[in-house]
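Note sheet for the following structure.
The values are calculated or read from the model by the stated rules, or taken from the named source; none is laboratory data. A quick note: this is a predicted structure, and the numbers were derived from the prediction, not measured. For neighbour counting, all protein chains shown are included, and Cβ atoms are generated from backbone atoms with ideal geometry for every residue, glycine included.
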Amino acid sequence: MEVLTLSRIQFAATISFHYIYPPLSIGLGVLLVIMEAAWLKTKNPIYHQMARFWTKVFALTFAIGVATGIVMEFEFGTNWATYSKFVGDVFGSALAAEGIFAFFLESGFLAVLLFGWDKVGRKMHFFSTCMVCLGAHFSAVWIVVANSWMQTPTGYHIVGEGLKARAEVTDFWQVVFNPSMLDRLFHTICGAWQAGAFLVISVSAWYVLKNKFANFARASLRISLTVALIASLLQLASGHHSAQGVGKNQPAKLAAFEGLYNTTSNAPLTAIGYVDEKNERVVGLQIPGMLSFLDHNDFHAAVTGLDAFAPQDRPPVAASFFFFHGMVTAGLATIGISALGCLFAWRRTLFQQRWLLWLLVFSVLGPQIANQFGWFAAEVGRQPWLVYGLMRTPEGLSKVVQANVVLTSLILFTFIYFLLFAVFIYLLNDKIQHGPHDDDLIPSGKLTLPDELTEHKKP
């Protein structure tokens, strides 16, 4: 296998594994803020117990996320040295901003969040929780800025020629607010909120099914279902707006997402199907005019097809189509599951529906699948460009790296990541099995379930 393919596989494997954890940290951070705020407002110890337990899970995801993210930075220099030199000024400013505004903020207050429960006042601890949550979101901001610049580069000029060429920042704020940044940021943040909410949903539903920590589980489930539904609906809206941005800024990518080979008016949207690349068509169930409406708010508008681009400038169509539709399917499933859960919770019959509780247990996979497929779709759909319109993927490869070296490191990284994942699952399962402890309650606190979280019993 050639060095380019191996390097792409290695980076894809690295970032895919890493991307399991930051969304969980961001989503759990929001839930911690909500739970601790509820404790401060109501003084009900159940919210204090919830905040302390889920803080332990947050700490685990944060630690694994940091450990797995470091490797990617080294890969930029080892496997993609030419690319790193080309975008160094742009990426350097974005990553420096992440360190200053995000990582220092998050890590600076993390110790207070984890160990300050009995050492600082309640308001100070809540402030620390908010700062950790804010820092996690800031981290997402700057990573999305860097990646979005690769998709829609602005605020730069090219200095030098050939191998010495590099992009130099001319307007920092144009780099930050490049055309795709805000859409992609909101879409990413909503996916992270879903990931955190559905993790809490899954564990809480399992507790209810096993009749363990009943009050804790019911309260956690009610809050997380509400967050999940809100985030899922926001994700639907942000996805629509983001797709319109793709159609405007990267029309080849949108055409690949829908397998649209020819520029078409009243363009159809594929509900389910597959791409026949040999005959350049999509086979499946299609909704006439819907793609035109989603892209232009007009059922009869023309949507640019792949025929507008030279064959060497087209993304891999089948892969782009598969990842995009996989993301949409998983996203719609999260909406349906969270809405169903909220409906039964509102009717106060949720905890009697064992089939739904089992569905909620496994729903933790939905946001992870959607997030991974969404990332794959964005990156595969950008091909053959590493930086859209400026640098092709083969041009960014290091000139001296050898295939056998990349293969060896790929095997070692894969082995280590499997070990890390096993450790993560073991520690997470250990925390879940032990559940919330009585010492997580405030002194002299009696654990009670708020009236609004109870449900009617069958006669």
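Below is a table of values for the structure above.
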{"read-out": "PHE351 being in a helix (DSSP H, G or I), modelled with pLDDT under 90 and surrounded by 14 or more Cβ atoms within 10 Å (Cβ to Cβ)", "value": "yes"}
{"read-out": "Output for segment 335-346, where each listed residue is touching a residue at least 40 places away in the same chain (Cβ under 8 Å) and either among the hydroxyl-bearing types (Ser, Thr, Tyr) or surrounded by fewer than 17 Cβ atoms within 10 Å (Cβ to Cβ) (or both)", "value": "SER338, ALA339"}
{"read-out": "Some residue of segment 246-256 being touching a His at 6+ places or on another chain (Cβ under 9 Å) and in a helix (DSSP H, G or I)", "value": "yes"}
{"read-out": "Qualifying residue in segment 35-43 (condition: outside any helix (DSSP H, G or I) and more than 30 Å from LYS399 (Cα to Cα))", "value": "yes"}
{"read-out": "Lone unmet requirement of (1) of a type in the set (A, V, I, L, M, F, W, C); (2) farther than 20 Å from LYS399 by Cα; (3) buried (at least 16 other Cβ atoms within 10 Å of the Cβ) for ALA81", "value": "(2)"}
{"read-out": "Flag for ILE230 being closer than 19 Å to ALA330 by Cβ, touching a helix residue (DSSP H, G or I) at 6+ places or on another chain (Cβ under 9 Å) and either at pLDDT 90 or above or part of a loop (DSSP other than H, G, I, E, B) (or both)", "value": "yes"}
{"read-out": "Within segment 283-300, tally of residues that are surrounded by fewer than 18 Cβ atoms within 10 Å (Cβ to Cβ) and either touching an Asp or Glu at 6+ places or on another chain (Cβ under 8 Å) or in contact (Cβ under 8 Å) with a residue 60 or more places away in the chain (or both)", "value": "1"}
{"read-out": "Some residue of segment 248-256 being within 30 Å of GLN433 (Cβ to Cβ), surrounded by 24 or more Cβ atoms within 10 Å (Cβ to Cβ) and not charged (D, E, K, R)", "value": "no"}
{"read-out": "Boolean, GLY381 is surrounded by 20 or more Cβ atoms within 10 Å (Cβ to Cβ) and either within 22 Å of ALA12 (Cα to Cα) or of a type outside the set (Asp, Glu) (or both)", "value": "yes"}
{"read-out": "One residue from ALA339, ALA271, ALA330 being in a strand (DSSP E or B), under 23 Å from GLY191 (Cβ atoms) and either in contact with a strand residue (DSSP E or B) (Cβ under 9 Å, 6 or more places away or on another chain) or among the hydrophobic types (A, V, I, L, M, F, W, C) (or both)", "value": "ALA271"}
{"read-out": "Residue under evaluation PHE53, criteria (1) touching a Pro at 6+ places or on another chain (Cβ under 6 Å); (2) of a type outside the set (Lys, Arg); (3) surrounded by fewer than 17 Cβ atoms within 10 Å (Cβ to Cβ), criterion not met", "value": "(3)"}
{"read-out": "Hits in segment 46-76 - residues which are closer than 30 Å to GLY160 by Cβ and touching a residue at least 40 places away in the same chain (Cβ under 8 Å)", "value": "VAL71, MET72, GLU75"}
{"read-out": "Options VAL159, VAL169, VAL132; residue that is in contact with a strand residue (DSSP E or B) (Cβ under 9 Å, 6 or more places away or on another chain) and closer than 24 Å to PHE103 by Cβ", "value": "VAL169"}
{"read-out": "Some residue of segment 121-135 being out of contact with any Gly (no Cβ under 9 Å at 6 or more places or on another chain), more than 30 Å from ALA81 (Cβ to Cβ) and either among the basic types (Lys, Arg) or buried (at least 22 other Cβ atoms within 10 Å of the Cβ) (or both)", "value": "yes"}
{"read-out": "Candidate set: segment 301-327, residues that are over 25 Å from the mean Cα position of the chain (by Cα) and assigned to a loop (DSSP other than H, G, I, E, B); chosen: the one surrounded by the fewest Cβ atoms within 10 Å (Cβ to Cβ)", "value": "ALA310"}
{"read-out": "Residues satisfying the stated conditions in segment 153-195, i.e. in a strand (DSSP E or B) and of a type in the set (Val, Ile, Thr)", "value": "ILE158, VAL159, VAL169"}
{"read-out": "Residue, modelled with the lowest pLDDT, within segment 427-459, restricted to residues that are surrounded by 10 or more Cβ atoms within 10 Å (Cβ to Cβ) and closer than 30 Å to SER16 by Cα", "value": "GLY435"}
{"read-out": "Hey, ILE70 surrounded by 14 or more Cβ atoms within 10 Å (Cβ to Cβ), at negative phi, part of a helix (DSSP H, G or I) and not aromatic (Phe, Trp, Tyr) or not", "value": "no"}
{"read-out": "Residue within segment 218-231 that is surrounded by fewer than 17 Cβ atoms within 10 Å (Cβ to Cβ), over 24 Å from the mean Cα position of the chain (by Cα), touching a residue at least 24 places away in the same chain (Cβ under 8 Å) and at negative phi present", "value": "no"}
